[in-house]
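Derivation of every value follows stated rules applied to the coordinates shown; laboratory data play no part. Given the structure is predicted, the values throughout are model-derived calculations rather than measurements. All Cβ positions, even for glycine, are placed from backbone atoms using ideal geometry, and neighbour counts span all protein chains on display.
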Amino acid sequence: MIHHMCRQCGVQYAASAAPPASCPICEDGRQYVRWTGQDWTTMEELARERKVVIKDEDGVLSIGVEPSFAIGQRALLAETPDGNVLWDCISLVTDEAVAALSERGPIKAIGISHPHYYSVIVEWSRALGNIPIYIHEGDRQWVMRPDPAIVFWSGETRQILPDVTLIRCGGHFEGGSVCHWKRRDKPNVLLAGDILQVVMDRKHVSFMYSYPNLWPLNARAVKHIAAALEPFDYGQVYSAFWNMRILDDGKGAVARSVERYIKAIAD
């Protein structure tokens, strides 16, 4: 019995003797099946091809796979006096990476923005001591490897540590969430996945239903994201990929981005 992993989205599946017939996450309109057809690997095979890289990105620890794999996202570590939270995950766990992260203090929980970044969340949970994995219940159907560590939270916010709060924004997925990290001596941070995607000028964010298929969100969905974030103060925004971050006036940047996006899609 093998935990197969989709090469296109990097999500690991429940153990089976043969690979699944298809990957529902990739067959969904927000993603796509590889042009050469569905293909599977395992985390063990991936470890022979790639490595985990950990970098400090202007004070926020980032964790990625190199060479890039699947969607190419990197995880982020929210460090607080009450323990740390691993935000989103990558498709490879190594002893060296676990040791390096654990040196920064105990990791108390994993928070996930949406199904494209489920990766090997159960492997990460077990490697870090069977810590809880927080996923909004709106995305329950996309969990391909069920596990007791997964906590399906409901409602619009969930505080998982005194300084770490998950916020359901929807948009990209029904349960699409971001993470608000309150810091005591630095600007607060919004860990956004690609529910809000920092764009190349690193002064704005944008919003899409599907990024690879260039399928935009409608105005109602974007306004809902803005309303969900309004009660929270944050100065920085880190989205899903290496170096994609806004370091100053993050909340203002999001507000300006919402305004210009809605104006751009208006009749």
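Side notes on the structure shown:
- If only residues of the range 56-78 that are in contact (Cβ under 8 Å) with a residue 24 or more places away in the chain and surrounded by fewer than 18 Cβ atoms within 10 Å (Cβ to Cβ) are counted, the one that is nearest to VAL164 (Cα to Cα) is GLY59.
- Residue in the range 83-90 that is touching a residue at least 24 places away in the same chain (Cβ under 8 Å), surrounded by fewer than 19 Cβ atoms within 10 Å (Cβ to Cβ) and within 21 Å of TYR238 (Cα to Cα) present: yes
A quick yes/no check of all residues on (1) of a type in the set (Lys, Arg); (2) outside any loop (DSSP other than H, G, I, E, B):
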position: LEU76; (1), (2): no, yes
position: VAL85; (1), (2): no, yes
position: ILE90; (1), (2): no, no
position: GLU96; (1), (2): no, yes
position: ALA99; (1), (2): no, yes
position: ARG104; (1), (2): yes, no
position: GLY129; (1), (2): no, no
position: ILE135; (1), (2): no, yes
position: ARG145; (1), (2): yes, no
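- Residue count for the range 95-107, restricted to those that are in contact with a strand residue (DSSP E or B) (Cβ under 8 Å, 6 or more places away or on another chain) and surrounded by 14 or more Cβ atoms within 10 Å (Cβ to Cβ): 5.
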